[in-house]
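The values are calculated or read from the model by the stated rules, or taken from the named source; none is laboratory data. These numbers come from a predicted model, not from an experiment. Here Cβ is always computed from backbone atoms with ideal geometry, including for glycine, and neighbour counts include all displayed protein chains. Heads up: the accessible areas ignore ligands, DNA and RNA and are worked out on the full protein's heavy atoms, side chains in. Shrake-Rupley method; radii C 1.70, N 1.55, O 1.52, S 1.80 Å.
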Amino acid sequence: MDLETLIADHQGSLFAFLYRMCGDGALAEELMQEAFVRALQAAKRYRPQGKVSTWLFAIAANLLRDHWRRQARRGQREAPADEADEAVADPGAGAEQLVLARLEQERVRAALLHLPLEQRSALILRYYHDLTYEEIAEALACPIGTVRSRIHNGLGRLKQLLVAEEVASGA
Amino acid sequence: MHEVEAMLQRERQAGLPEAPDLRYTAAAVRRRLEGESRRRSPGLDAGRQPNGDWPLVLAGGGTLLGAVVLALLWGLPPVWLWAIPAVGLALCPIFLRKGA
């Protein structure tokens with residue numbers, strides 16, 4: 001497996017997945033590099049029947065889980081980074097629609113970060129990376145039925161979070 | 001539920017911060033791979049032989065064998081009285097090497 005080709009083909013999607021999972025650009029970049037390292041080291045063991053991207057998502061999800069476990073042991077909480085704030089629209093742009101759209105994006109990103117890890121990863125792989133239920137099951141090492149319930153429950157929880165946030169901001 | 005799905009779609013279309021430069025990532029991954037391979041063969045790093053433990057194991061084994069043979073030849077009973085310290089002595093270099 002060629003290093004340059006692997007990175008060129010998968011860097012964008014892997015970075016996007018990790019960034020949406022953790023909301024931290026620096027952490028996403030670090031874990032993405034580590035995921036490529038693990039993939040290249042394990043390339044001989046890779047089963048060619050699966051998609052490379054699915055395999056990389058699986059490695060990345062495991063790395064992220066390990067990272068948060070280590071943080072939890074050190075007593076640090078999983079914190080969404082402040083970078084999401086940078087996405088707020090420049091008021092100088094003037095267009096009210098643009099500002100509202102940016103605010104909605106920000107709310108969705110923040111709400112995603114408050115979902116449990118399993119639901120978040122399933123939703124992100126489904127709605128941002130167009131993976132099938134089978135591929136998500138492979139990436140997250142769980143049965144398809146579990147993927148379905150995680151996505152269903154994740155959407156429900158996301159709706160609750162968005163409504164709660166709307167009520168809080170309107171109050 | 002459909003409303004939430006539509007919001008996810010809109011958020012997706014909004015995009016994200018750009019991924020790092022490809023060449024930068026490739027260089028960083030290569031550095032990490034080199035670091036990993038050095039960590040896996042520390043003998044090469046410290047100017048040691050790649051299989052540096054083997055001479056120590058052989059020396060330890062030889063010392064042990066010699067001690068047991070001498071104890072038997074000299075008929076110094078009981079044999080274990082000599083053999084057990086000899087084992088400890090033989091393993092010393094290995095423990096020292098591991099601790100280094």
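(1) surrounded by fewer than 10 Cβ atoms within 10 Å (Cβ to Cβ); (2) within 22 Å of residue A:151 (Cα to Cα): which one isn't true of residue B:18, the others all being true?
With respect to (1) surrounded by fewer than 10 Cβ atoms within 10 Å (Cβ to Cβ); (2) within 22 Å of residue A:151 (Cα to Cα), residue B:18 is out only on (2).
Please determine whether any residue of the stretch A:43-65 is facing chain B (nearest Cβ under 9 Å) and within 16 Å of residue B:32 (Cα to Cα). Step through it out loud before you land on a result.
Restricting attention to the stretch A:43-65, the residues satisfying the condition of being facing chain B (nearest Cβ under 9 Å) are none.
Taking every residue of the stretch A:43-65 in turn, none turns out to be facing chain B (nearest Cβ under 9 Å) and within 16 Å of residue B:32 (Cα to Cα).
How do the pairs read when you match residues in the stretch B:1-29 that are at the interface with chain A (Cβ under 7 Å from one of its Cβ atoms) with residues anywhere that are among the β-branched types (Val, Ile, Thr) and open to solvent by less than 30 Å² (accessible area, probe 1.4 Å), using Cβ under 7 Å and keeping only pairs 6 or more apart or on different chains?
Qualifying pairs under 7 Å: B:7/A:108; B:8/A:108; B:11/A:108; B:22/A:7; B:25/A:7; B:26/A:7; B:29/A:7; B:29/A:37.
Restricting the stretch B:30-43 to residues that are at the interface with chain A (Cβ under 7 Å from one of its Cβ atoms) and at pLDDT 85 or above, which is surrounded by the most Cβ atoms within 10 Å (Cβ to Cβ)?
Initially, the stretch B:30-43 is screened for residues at the interface with chain A (Cβ under 7 Å from one of its Cβ atoms), giving B:30, B:32-33, B:36.
Going one step further and asking which of them are at pLDDT 85 or above, we end up with B:30, B:32-33.
Working: B:30: 16, B:32: 18, B:33: 16.
The qualifying residue surrounded by the most Cβ atoms within 10 Å (Cβ to Cβ) is B:32.
Just name the residue that is surrounded by the fewest Cβ atoms within 10 Å (Cβ to Cβ) out of those in the stretch A:121-162 that are in a loop (DSSP other than H, G, I, E, B) and within 14 Å of chain B (Cβ to nearest Cβ). Reasoning before the result, please.
Taking the stretch A:121-162 as the starting set, the residues that turn out to be in a loop (DSSP other than H, G, I, E, B) are A:128-132, A:141-143.
Within this subset, residues satisfying the condition of being within 14 Å of chain B (Cβ to nearest Cβ) are A:128-131.
Working: A:128: 18, A:129: 19, A:130: 10, A:131: 23.
Applying the filter and picking the extreme gives A:130.
Is there any pair linking a residue in the stretch A:95-117 that is within 12 Å of chain B (Cβ to nearest Cβ) to one that is outside any helix (DSSP H, G or I) and aliphatic (A, V, I, L, M), with Cβ under 7 Å and at least six apart or on different chains, and which?
That search, which allows pairs on different chains as well, returns A:98/A:89; A:102/A:87; A:102/A:88; A:102/A:89; A:105/A:87; A:106/A:87; A:106/A:88.
Can you find even one residue in the stretch A:54-63 that is among the β-branched types (Val, Ile, Thr) and modelled with pLDDT of 90 or more?
Taking the stretch A:54-63 and keeping what is among the β-branched types (Val, Ile, Thr), we get A:54, A:59.
With the extra rule that they be modelled with pLDDT of 90 or more, the set shrinks to A:54, A:59.
Yes, the conditions are met somewhere in the stretch A:54-63.
What do you reckon, is residue A:18 of a type in the set (A, V, I, L, M, F, W, C), assigned to a helix (DSSP H, G or I), more than 15 Å from the chain's Cα centre (by Cα) and closer than 29 Å to residue B:11 by Cβ? Step through it out loud before you land on a result.
On the way: of a type in the set (A, V, I, L, M, F, W, C): yes; assigned to a helix (DSSP H, G or I): yes; more than 15 Å from the chain's Cα centre (by Cα): no; closer than 29 Å to residue B:11 by Cβ: yes.
No.
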